[in-house]
Amino acid sequence: MMSSSKPLLEIRDATKIYGTTGLFGRKGGPQTVALQDFNLTIKDKPATITTIAGESGSGKTTLANTVLGFTGLTSGQILYKGQDIEDLNRRDKLAYRREVQAIFQDPYEVYNPFYRVRHIFDMVISRFKLARNKAEARDIIEAALKVVGLRGDEVLHKYPHQLSGGQRQRMMIARAYLLKPGLIVADEPVSMVDASLRAMILDIMLRLRDEFNISFLYITHDLSTAYQIGDDIYILYQGSIAERGETTHVIENPKHPYVQLLIESIPEPDPDDKWDTHIRFPSEEEMRGSATSGCRFYPRCRYRMDRCLEAQPPLYAISDEHGAACYLYDEAEILERT
C-alpha cells in the first residue's frame with residue numbers, strides 16, 4: 001500500500017444501521033443505529049494506543065468489525081494511509097490484511113482444535129510469503145514468540161486445549177506481530193484472563209507500541225486498563241461519541257454527563273473492596289432507532305434540556321484535544337447560563 005505522511009487510519013462520519021427483515025425476507029421493521037457519525041484519526045507516527053470504551057452494545061465492536069473489513073458501513077469512509085478501504089484492489093486489499101491485524105477476546109475460537117498451534121504461524125508465513133525455506137520460517141516464528149515471552153519448543157507442538165488462556169492470547173499477539181503490522185485492532189484482549197496475565201499482555205502492547213511502532217485500536221469496557229495504557233480515548237454511548245480526548249484528561253476531568261456518571265460510579269479506593277471499573281449500565285434503546293433522533297442519554301441526564309430532543313448534539317471542543325457531545329458546551333448555552 002502507498003506510504004505517505006497521511007494519517008495511518010482515518011474514519012470519517014462512519015455510520016452503521018442494522019435493519020430487521022420482515023415476512024418472506026422483506027426489509028422492514030425497526031432499525032438499530034449501531035454506529036453514528038463516528039470520526040477518528042490515528043497519526044502515522046509516533047505509534048499510539050487509541051481506546052474505544054463503552055458498555056455492551058455501545059457500538060465499539062461494530063466499529064472494530066468495520067475497520068477490519070468484516071462488515072461494511074451504511075455511510076461514511078474508513079481510510080488507511082489515505083486510501084478508502086472499500087476501493088482497494090485485490091493486491092492492496094491483501095496488503096491491508098497484512099498491515100491491519102486483530103486480536104480477539106477469546107483466542108480459542110481462532111484456533112482449529114485439530115491442528116497443533118504451529119499451524120497458525122505456518123498459514124500466515126505461507127499466505128504472505130514471509131520465508132524462503134523452513135529454517136527461515138522457524139527463525140521468524142521464534143523471534144515473534146520471544147517478543148511475547150514464549151519459546152517455540154514449549155508451545156508450538158501442542159494443541160490449543162493444552163495451552164493456558166494467557167498462552168493462547170500471547171500466541172495470537174505473536175501471530176499478529178509476525179506480519180509487522182502498522183495497526184492492531186485489539187477487541188477486549190484481556191477480559192478473559194486473570195490480573196497477573198492481564199498486566200503481562202498490557203505490557204506487551206506497550207512494548208509493541210514503543211519498540212516496534214505498532215499502533216493499537218484498543219476496544220474495552222474496562223476504564224482501569226484504558227487509563228493504564230491508552231494515549232487517547234473515545235467513550236461511546238449507544239453508537240455515538242459521548243466524549244473523546246487524551247485518556248488522562250477525560251478520566252480525571254470528565255465533561256459529558258454520561259462519562260461523569262461512569263467515573264462517579266467508581267468507588268473510593270479501599271483495600272477491602274475490589275475496584276470494579278467495568279462499564280455496566282442498563283441498556284436504553286428508546287432513542288436508538290433513528291439517526292436523526294436527539295441525545296440518546298436524555299432519559300437519564302441530570303442536565304437535560306428541551307433542545308436535547310431536537311437533534312444529537314455535535315462534539316463541542318472543550319480544548320484542542322478534548323471534546324464532549326453535549327449542549328452544555330455550546331457557547332450560546334454557556335452565555336445564557338452566565
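Throughout, read-outs are computed from the coordinates displayed, never taken from laboratory work. Remember, it's a predicted structure, so these values are computed and weren't measured experimentally. Ideal geometry is used to build each Cβ from the backbone, glycine not excepted, and the neighbour counts take in all protein chains shown.
Computed quantities for the displayed model
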quantity	calculated
Subset of the range 205-244 [over 14 Å from the mean Cα position of the chain (by Cα) and surrounded by fewer than 19 Cβ atoms within 10 Å (Cβ to Cβ)]	206, 207, 210, 211, 212, 213, 224, 227, 228
Selection count where residues are of a type in the set (D, E, K, R), in a helix (DSSP H, G or I) and either closer than 19 Å to residue 187 by Cβ or touching a residue at least 12 places away in the same chain (Cβ under 8 Å) (or both), scope the range 224-263	0
Within the range 129-159, considering residues that are touching a residue at least 40 places away in the same chain (Cβ under 8 Å) and either of a type in the set (Asp, Glu) or closer than 21 Å to residue 98 by Cβ (or both), the one surrounded by the most Cβ atoms within 10 Å (Cβ to Cβ)	148
Counted residues, the range 59-111 - those being small (Gly, Ala, Ser), assigned to a helix (DSSP H, G or I) and crowded, with 19+ Cβ neighbours inside 10 Å	1
Criterion violated by residue 191 - all others in (1) farther than 30 Å from residue 301 by Cβ; (2) surrounded by fewer than 20 Cβ atoms within 10 Å (Cβ to Cβ); (3) within 17 Å of the chain's Cα centre (by Cα) satisfied	(1)
Qualifying positions in the range 168-189 - among the small types (Gly, Ala, Ser) and not in a helix (DSSP H, G or I)	182, 186
Where a residue in the range 54-66 is farther than 16 Å from residue 39 by Cβ and in contact (Cβ under 8 Å) with a residue 24 or more places away in the chain and its partner, wherever it lies, is of a type in the set (A, V, I, L, M) and assigned to a helix (DSSP H, G or I), with Cβ under 9 Å and at least six apart	55/262
